[in-house]
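K.L.:
What follows is a single structure, and I will ask about it in a moment.
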Amino acid sequence: MKTNTKKLVLTGLLVAIEIILSRFFSVQLPFFRISAAFIPLVLMGMLCGPAYAGAGGAMADFIGAVLFPAGAYFPGFTLTNALTGVAYGVGLYRQEWKGARSWLRITVMILFVNLVLNLCLNTYWLSIIWGEGYLGLLPARLGRYVIQAPIYILVIGFMQMRLARIRQVAALN
């Protein structure tokens, strides 16, 4: 992979923003956390690509867990965050806005991230940590991702539309 200084610096800044948003500007409820920390990871995927977003996702989780621990560090969550960054990069990097096709691409990407990575994989990590049955944890966690998916789809869609508009204006200048 060719190192691009601008992408490296941007990834570092977005990692710092993700750590701040997830550790200091989030609301912890009994079964889940409400946070905008996904936005920097989405931006890494959009602007830097899957490799940088995957590495940035892993770094954000690891550094955040080491500097601001909320319990014992577990590498499974770092893997999930890295894979989430890769998914955002694959789904969003160098993608032009194409209306309904873009909404469909974003929806499929979010369903993969929410159902496969967050629901299945993170539930598996929690079942290991808590010693609980995997299938017993799934129903309580499913509601979160059903509610979260449309919000993420809308936020990411509007972010991509805005980025496309910025690129159009920049091309005119």
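K.L.:
Report the Rg/Rh value for region 13-64, based on alpha-carbon coordinates and the Kirkwood definition of Rh.
P.N.:
Taking Rg over the Kirkwood Rh, I get 1.00.
K.L.:
Report the dimensions of region 4-103 along its three principal axes from the alpha-carbon atoms, largest first, rounded to Å.
P.N.:
Ordered largest first, region 4-103 gives principal extents of 41, 32, 22 Å.
K.L.:
How large a share of the accessible area of the chain, in percent, is made up of carbon and sulfur atoms when the probe is 1.4 Å and the other protein chains stay in place?
P.N.:
Within the chain, the accessible surface is 72 percent carbon and sulfur.
K.L.:
With viscosity set to 1.567 mPa s and temperature to 4 °C, compute the Stokes-Einstein D of region 109-173, Rh being the Kirkwood radius across alpha carbon pairs; µm²/s, no decimals.
P.N.:
Here the translational diffusion coefficient equals 94 µm²/s.
K.L.:
Shifting gears a bit: How large is Rg over Rh for the chain, taking Rg from the Cα atoms and Rh as the Kirkwood inverse mean of 1/r across Cα pairs?
P.N.:
Ratio value, two decimals: 0.98.
K.L.:
Give me the accessible area of TYR124, 1.4 Å probe, in Å² rounded to the nearest 10.
P.N.:
About 110 Å², ignoring ligands and nucleic acids.
K.L.:
For the full complex of protein chains and a 1.4 angstrom probe, list CYS48, CYS120 by accessible area with the highest value first.
P.N.:
Ranking CYS48, CYS120 by accessible area, largest first, yields CYS120, CYS48.
K.L.:
In Å, what Rg and Dmax follow from the Cα atoms of region 70-110?
P.N.:
14.0, 43
K.L.:
Another question, if that's okay. Taking the chain as the reference, fit the longest principal axis to its C-alpha atoms, fit the long axis of helix 5-24 to the helix C-alpha atoms, and give the angle between the two in degrees, 0 to 90, nearest 10.
P.N.:
So the inclination is approximately 40 degrees.
K.L.:
Still on this structure: So what does TRP103 come to for accessible area, using a 1.4 Å probe and Å² rounded to 10?
P.N.:
Approximately 70 Å² for this residue.
The values are calculated or read from the model by the stated rules, or taken from the named source; none is laboratory data. Predicted model, so just to flag it, every value in this text is computed and none were measured. What goes into the accessible areas is simple: the full protein's heavy atoms, side chains included, and nothing from ligands, DNA or RNA. Shrake-Rupley method; radii C 1.70, N 1.55, O 1.52, S 1.80 Å.
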